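Okay, structure first, notes after.
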Amino acid sequence: MTARLSCFPNSLKILIFSYIVWWSFASASQCLGANKDNRDFPLFPVIKNNVQFWEKIYGKYSLKEAVIHDSEDLSKIYEVLPLFDRNLPGTHRLNEIAELQAKEKYRGILEKLAKQAPATAEEKRIAALFPGKNCSQDMARAANNIRSQSGQKERFLAGVVTSGMYMKEIKKILRSHRLPEDLAYLAHVESSFNVRAYSKVGAAGMWQFTPSTGKRYLKIDYTVDERLDPIRSTHAAAQYLQNSYRTLNNWPLAITSYNYGLSGMMRATKELETYEKIFQNYNKGYFKFASKNFYSEFLAALKTAKMLETNGSVKLAPELSCRYLDLPGYVHINDISKHFKISAATVKELNPALMSPVISGEKRIPKGYSLRLPAGNNTDRLIASLSPIVFKNGQKSSSYHLVKKGETVSSIAKLHGVSIKSLMQANNIDKQARISIRQNLRIPGKAQTAERIETGARGKTVLNSVPKVKHATDASAPGEVTTPG
């Protein structure tokens, strides 16, 4: 005989009723959360084709494939071109030639079809991509809009695997700034979670800050480049995005500003008001293919990454576990390596922001730096036993060269017995190796022999679970952030 609810004890009735109420509330909350995500990051009809295109780039097409397509209408794909393995010597140039020939081929076909009816099976296939009365004009215009995009499937998957190390902490940081945690997936678009990524325009790190923008939020000098630190740079990205959203009051616009720059998006918004109108009609300045597609790439990366994260065959990297040691003075990497029984390579692996002069021992790890160390009880004990005598009051001095008329980077490097590459890196000299008369160049690896006698720095050795974070002095006017080339 089945018991009726009226026969249950009052306490059980209350428990069942409470569960029903909780379940209803939880379900409603999940729906509201999903709706909020949709409101924050809407998929506008005008970008649907673009988002689907980037989903295929991230999840379907290989690095060994180039997609030959129309740059205005990304639903028009002319060919998926097989490429040589990029890791093999000499293949870069061969792939470039193959892509150039493919683009020229379809340009010729489109120019021909703009003037006459298709004759071959391939011409008919291309002509079918341009229905409507104005197909001739459309094909004539499309002949000048042919673009090649390499697939990213392997790189994107590797980025999702790597993201396991940082994703939990990144989402926590974004929440602490009261930002949508799904903004964490923007790092897939920027760098595929490569903390050592560099672009051809000088942007660096997981969040691809340029030097000018990065210096508003992070320390960037000869010894430390915090753009390369995944946690510190995330705080900087959060500050940038927070400021952009406050200014633009719209996430599609704020996310686009991460690529195009806040001032540029403010001008575009003033002229055309909405994201959809900007996407369809804005073409001023540097608002070209990359900026136009940036928000679409974010939506595609968000969807593709979440699908891979829930794929049972994809094993994410374990979460980064470490300790932070706030340095009360300057310290040589050899002292750290010896005391904690770790190699310089391990110090570099845990602290990608430390530059080559520090890792090589030419410079000390700077005072105030939050040094990341392997987690564990042994590390805690070693921190407690770290002698204050290893800390110094000052940095190791450097040697400089005043550029004279007729000197070049090559001649100066030869004069001081250093490599051209190291000299350029030490002074942030561009690939054109441009220097000017009376410019002071730092000579790497040439610390002065007569270094002043230093006493141990006074201060307590501090163990932290989180790093120190710098806040921008002028967060209202950050510079442009660019994506990798």
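Please treat every number below as a calculation from the coordinates, not as lab data. Here the structure is a predicted model, which means the values were calculated and not measured. Heads up, the Cβs are rebuilt from the backbone with ideal geometry, glycines too, and the neighbour counts pull from every protein chain shown.
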*Please arrange GLU190, GLU319, GLU79 by counting, for each residue, the other beta carbons lying within 10 Å of its beta carbon, fewest first.*
GLU319, GLU79, GLU190
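Tell me which trypsin sites (Lys or Arg not before Pro) from segment 356-409 have a DSSP coil assignment and no more than 11 other beta carbons within 10 Å of their own. Mind showing how you got there, number by number?
Values: sites: LYS363, ARG364, LYS367, ARG372, ARG381, LYS392, LYS396, LYS404, LYS405; in loops: LYS363, ARG364, LYS367, LYS396, LYS404, LYS405.
Passing both the DSSP loop test and the Cβ count: LYS404, LYS405.
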_Calculated from backbone phi, Karplus (6.51, -1.76, 1.60) coupling profile of segment 404-414 in Hz, x at Gly/Pro_ = 10, 4, x, 7, 10, 4, 5, 5, 5, 4, 5
*Cα pair distances of segment 136-256 binned at 10 Å [whole percent]*: 13, 37, 30, 13, 6, 1
*Taking neighbour counts of Cβ atoms within 10 Å as a proxy for exposure, in what order, fewest first, do LYS60, LYS315 appear?*
LYS315, LYS60
*Please report the relative contact order for segment 404-443, taking Cα pairs under 8 Å with a sequence separation of at least 6, and give it as a percent rounded to a whole number.*
45 percent
_Amide H contacts under 5 Å for LEU325, placed H, 5+ residues apart_ = LEU371, ARG372, LEU373, ASN464
*Of MET167, MET206, how do they rank once you tally other Cβ atoms within 10 Å and put the fewest first?*
MET167, MET206
*Ratio of segment 64-150's C-alpha Rg to 2.2 N^0.38 Å, to two decimals?*
1.16
*For segment 388-394, just list the computed ³J(HN,Hα) in residue order, Karplus coefficients 6.51, -1.76 and 1.60, θ = phi - 60°, integers in Hz, with x standing in for Gly and Pro.*
x, 5, 6, 8, 10, 7, x
